[in-house]
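Here is the structure we will look at, set down as structure tokens.
The values are calculated or read from the model by the stated rules, or taken from the named source; none is laboratory data. Only a predicted model underlies this, so the values are computations on that prediction, with no experimental measurement involved. Note: ideal-geometry Cβ built from the backbone for every residue, glycine included; neighbour counts use all protein chains shown. With ligands, DNA and RNA removed, areas are computed over all heavy atoms of the protein, side chains included. Shrake-Rupley method; radii C 1.70, N 1.55, O 1.52, S 1.80 Å.
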Amino acid sequence: MIGGEAATTFGWAWLAATIALALHVADEATHDFLAWYNPRALRIRQIVRLPFPPTFTFMPWLVGLIAVVCVLGLLTPVAYAGTPWLRPVAYGLAGIHVANGLLHLVGSAAARHLVPGVLSAPLLLIAGGWLAWAASRLV
């Protein structure tokens, strides 16, 4: 376990990333994200001729994301303890947050209107950046 200020900062950054994701899920769910996403995923599938990216129905998508948020929340005390195995997980989570936030912002710019999930995208960018920085301090 890594103690001290670095572990405390990592715990706060982990908590912020978890809250940012929860707010992002709420943002997407209340702005009909799947109605925007699924047709684009199907077009990409036609182009690449692979069953990727996946498409979703609302309840399994929402329940899955809520489960992820809950697991991340349950790991918050582990983050505050500065547990070393959580560091690579944090880098992965930070990368997903930053990529997801950028995709929403770029999507909005390309569409020239706000796409579902863009309102919380800056929170993902900030929380993801902070989490990566805090994880790097756990050396």
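Across all directions of projection, what mean area in square nanometres is found for the Cα convex hull of the range 7-69?
Working: hull surface 21.5 nm².
Convex hull of Cα atoms, orientation-averaged projection: 5.4 nm².
Note on the chain: GNM, Cα springs under 10 Å; of ALA20, ALA67, ALA29, the largest mean-square fluctuation is that of ALA67.
Which FRET efficiency, nearest 0.05, do ILE44 and VAL106 yield, Cβ-Cβ r, R0 22 Å? Intermediate values should be presented prior to the final figure.
On the way: r = 15 Å, r/R0 = 0.68.
E(calc), rounded to 0.05, equals 0.90.
Accessible surface for the range 50-139, divided over its residues, is 55 Å² per residue with a 1.4 Å probe. Select from PRO122, PRO88, PRO53 the residue whose mean-square fluctuation is largest in a Gaussian network model of the chain (Cα-Cα springs shorter than 10 Å). Its mean-square fluctuation being the largest, the pick is PRO53. When the charge dipole of the range 3-96 is built from unit charges on Cβ atoms (+1 for Lys and Arg, -1 for Asp and Glu) and taken about the Cα centre, the candidate among THR55, PRO84, PHE10 whose Cα reaches farthest toward its positive end is THR55.
Across the options ASN100, LEU125, LEU21, the greatest Cα extent toward the positive end of the charge dipole of the chain (unit charges at beta carbon of Lys, Arg, Asp, Glu) belongs to ASN100.
In the chain, the calculated helix contribution to ellipticity at 222 nm averages -25500 deg cm²/dmol per residue, counting -39,500 (n - 2.57) for every DSSP H run with n ≥ 4.
Computed about the Cα centre, the dipole magnitude for the chain is approximately 460 debye when only Lys and Arg (+1) and Asp and Glu (-1) carry charge, each at its Cβ.
Averaged over all directions, how much area does the convex hull of the C-alpha atoms of the range 36-125 cover when projected, in nm²? Spell out each step's value before the answer.
On the way: hull surface 28.8 nm².
Taking the Cα atoms of the range 36-125, their convex hull projects to 7.2 nm² on average.
Separation of the range 32-110 from the range 3-24 is 18 Å, based on Cα centroids. Applying the Karplus relation 6.51 cos²θ - 1.76 cosθ + 1.60 with θ = phi - 60° to the range 37-50 yields 3J(HN,Hα) values of 6, 4, x, 5, 4, 5, 5, 4, 4, 5, 6, 8, 6, 9 Hz, where x marks Gly and Pro. In order along the range 112-127, the Karplus-derived 3J(HN,Hα) couplings, from 6.51 cos²θ - 1.76 cosθ + 1.60 at θ = phi - 60°, round to 6, 7, 6, 8, x, x, 6, 5, 9, 4, x, 5, 4, 4, 5, 5 Hz, and Gly and Pro are given as x.
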